[in-house]
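In what follows, a single structure is set out as structure tokens and then discussed.
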Amino acid sequence: MREPPLDPRAARAEDATREVPEDPCPLRTAFQRDRDRIIHTKAFRRLKHKTQVFISPEGDHYRTRLTHTLEVSAIGRTVARAMGLNEDLVEAITMGHDLGHAPFGHAGEHALDDLLREQHGRRFHHNEQSVRVVEVLERDGRGLNLTREVRDGIRHHTGGGRPTTLEGQIVRLVDRIAYVNHDIDDAIRAGIIANTDLPAGEIAVLGGTTSERITRLVTDIVDTSADSDTIDQSAEVGEAFRSLRKYMFDEVYLASPAADEAERARYVVQGLVRAHIDDPSLLPPGGDADPVTRVTDYVSGMTDRYALRAHRDIFVPHEGPL
């Protein structure tokens, strides 16, 4: 399939490579095929029951890892289209960027990483696990055979290193833009902060509503990066955004009630890892030959509610006669 006209800096699907070569699709570009493969995975469907910030919230209108993914995709595609970059590549990366996230959001990721580091000399990072999901775990161990460009964007959407494509760099930045803004909305809805609590200087630069802030941030990226080999923000907007993000860490992510729930999540995740390493019969058949990797794959793939149910089944005495 022929691509629409793109900026010379854009990644092109006809140049994309896979580990296992495939014949081209007559209707879709290579990046569109990657997107479709991702959204048909079990890992993608599980995102609807994985925490964004607030664990098992009562209301129906709080974000989940799935709605976060969709918001990142929408913002990223807007930036890509405005800059003449490859919208299909941005969409594929965004759809896959959080597939490897542990249950209970960042609290679950930190709990898993801490235990693996302290007891097994390993680390857990959700971006690396997302790559493992698409390369190894899906399709019963065969992986999705995604293009190099999509896998690179997934791997480098956070952590060290810069994506090799401008499209991947877009995802890395708009991921933060999406979660800071929708987490403000959720924190206000939960009564943790009020709109008047937001830092006045940063709000004066970025805007007083979610819509105003996203418009300001997106427009700034497009203007700042128009003739550049990197995707970036202007000094004024970038500084204000980083300061607003720090405010969210101080007042929401690392404060009560999110911090209180994080301790409970830590107890559940680490308990599950220890239990399954001690008793491999609890694991489903198949999986990696290495027992720690096998348990990590299993526990990190759980949804919040499945993790709670599994923990209860293992550690809470059952009612009824013996």
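A short reminder: the numbers here are calculations on the coordinates, not readings from a lab. What you are looking at is a predicted structure, and each value in this text was computed from that prediction instead of being measured. Cβ coordinates were reconstructed from backbone atoms using ideal geometry, including for glycine residues, and neighbour counts include every protein chain displayed.
Overview of values
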{"quantity": "Mean separation of Cα contacts under 8 Å, 6 or more apart, over the residue count of the range 29-315: relative contact order %", "calculated": "22"}
{"quantity": "The range 193-322: relative contact order as a whole-number percent, Cα under 8 Å and 6+ apart", "calculated": "18"}
{"quantity": "Highest-MSF residue in the chain out of GLU212, GLU128, GLU71 [GNM, Cα springs under 10 Å]", "calculated": "GLU212"}
{"quantity": "Summed side-chain charge close to VAL295 - residues other than VAL295 whose Cβ falls under 12 Å, Lys, Arg +1, Asp, Glu -1", "calculated": "-2"}
{"quantity": "Virtual spin-label span in nm between THR219 and ARG18, 7 Å along Cα→Cβ", "calculated": "4.2"}
{"quantity": "The chain, dipole about Cα centre (Lys/Arg Cβ +1, Asp/Glu Cβ -1), debye to the nearest 20", "calculated": "640"}
{"quantity": "Listed residue (VAL134, VAL218, ALA190) projecting farthest to the positive dipole end of the range 29-315, Cβ model", "calculated": "VAL134"}
{"quantity": "Within-11-Å neighbourhood charge of ARG46 [Cβ basis; K, R +1; D, E -1]", "calculated": "+4"}
{"quantity": "For the range 112-132 versus the range 249-286, the gap between their alpha-carbon centres in whole angstrom", "calculated": "13"}
{"quantity": "³J(HN,Hα) computed for each position of the range 184-193 - Karplus, 6.51 cos²θ - 1.76 cosθ + 1.60, integer Hz, glycine/proline x", "calculated": "4, 4, 5, 5, 5, 4, 7, x, 6, 9"}
{"quantity": "Inter-label distance for THR164 and VAL316, nm, one decimal - labels placed 7 Å from Cα along Cα-to-Cβ", "calculated": "4.8"}
{"quantity": "Residues ARG122 and ARG176, FRET efficiency given R0 of 22 Å [Cβ-Cβ distance, rounded to 0.05]", "calculated": "0.25"}
{"quantity": "Virtual spin-label span in nm between HIS61 and LEU283, 7 Å along Cα→Cβ", "calculated": "4.4"}
{"quantity": "Top of PRO285, PRO103, PRO199 by mean-square fluctuation, Gaussian network on the chain, Cα under 10 Å", "calculated": "PRO285"}
{"quantity": "Contact order relative to length of the range 163-251, as percent, for alpha carbon pairs under 8 angstrom and 6 or more apart", "calculated": "34"}
{"quantity": "Surrounding net charge for GLY84, when Lys and Arg each add one and Asp and Glu each subtract one, Cβ distance under 9 Å", "calculated": "+1"}
{"quantity": "Cβ-based charge dipole, the range 264-317, positive-most Cα from LEU283, THR293, GLN270", "calculated": "GLN270"}
{"quantity": "Gaussian network model of the chain, Cα within-10 Å springs - most flexible of PHE104, PHE249, PHE241", "calculated": "PHE249"}
{"quantity": "Chain lengthening between ASP36 and ASP140 when straightened (0.36 nm per residue, less Cα-Cα)", "calculated": "35.7 nm"}
